[in-house]
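Every number here is computed from the coordinates shown, using simple stated rules; none is lab data. Being a predicted model, the structure only gives us computed values, none of them experimental. Cβ coordinates were reconstructed from backbone atoms using ideal geometry, including for glycine residues, and neighbour counts include every protein chain displayed.
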Amino acid sequence: MRFYGLTLAASVIVLGACGGEKKAADSTAATTNPAATDTTATAAAAAPAAGAMAMAPITGKTWEIKMVGDDKGYRFEPANLTIKVGDGVKFEMETGGPHNLAFDMATVPADVKAQMMANMPNQETGEMSSKMMMTKDEAVVVSFAKVKPGKYAFHCTPHLAMGMKGEITVQ
């Protein structure tokens, strides 16, 4: 019985620490359909600070990758995707969170790193790493505009040890 009480107390603390994430979720609503946004509003919102690189808007197709955790394991669906320069990828929380999106820095060429960072909104947990997504349908959209062709490996930080990783090939 003492174990259940400690478990309940720990759960309350963890859930309390996760409160306030709603504000971050609201900020992604405008980015979930970048093709439908007003270009002047997008340009103004993407205006960089002095010396920073500007986010390059998606000029091609927006692809979707689901973040899943269930009885089959933790995974991205699809885990591997081939896109074109200018396309975008929407990473959407489906089940089994929290999830995030983090690019493996070793796979991002040095001359592309600044543009990739500018093209990835809501970086909260570190360099080339998105915010933690806690609820179904939360998403982050990454633009691959002005990114040179190559293979870009990514993973979910909390579930990396469980094999939740993938790769985007940009042509």
- Query: So which lysines can LYS84 reach, going by Cα to Cα under 16 Å and dropping same-chain residues fewer than 8 places off?
  - Reply: LYS61, LYS146, LYS148, LYS151
- Compute the distance in nm between two label points, each set 7 Å from the Cα along the Cα-to-Cβ direction, one at ALA106 and one at THR82. 2.5
- Message: In the stretch 90-168, if the dipole is taken from +1 on Lys/Arg beta carbons and -1 on Asp/Glu beta carbons about the Cα centre, which of GLY166, THR135, MET116 is farthest to the positive end?
- Response: MET116
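Determine the dipole magnitude for the stretch 103-143: charges of +1 sit on the beta-carbon of Lys and Arg, -1 on that of Asp and Glu, nothing else is charged, the reference point is the Cα centre, and the result goes in debye to the nearest 20.
40
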- The FRET efficiency for LYS151 and THR95, from their Cβ-Cβ distance with R0 = 25 Å and rounded to 0.05, is 0.40
- Along the stretch 82-87, what does the Karplus equation 6.51 cos²θ - 1.76 cosθ + 1.60 (θ = phi - 60°) give for ³J(HN,Hα), rounded to whole Hz, x for Gly and Pro? 10, 10, 10, 4, x, 6
- Under a 5 Å amide H to amide H cut-off, with H placed in plane at 1.01 Å, what residues pair with TRP63 once short-range neighbours are removed? GLY88, VAL89, LYS90
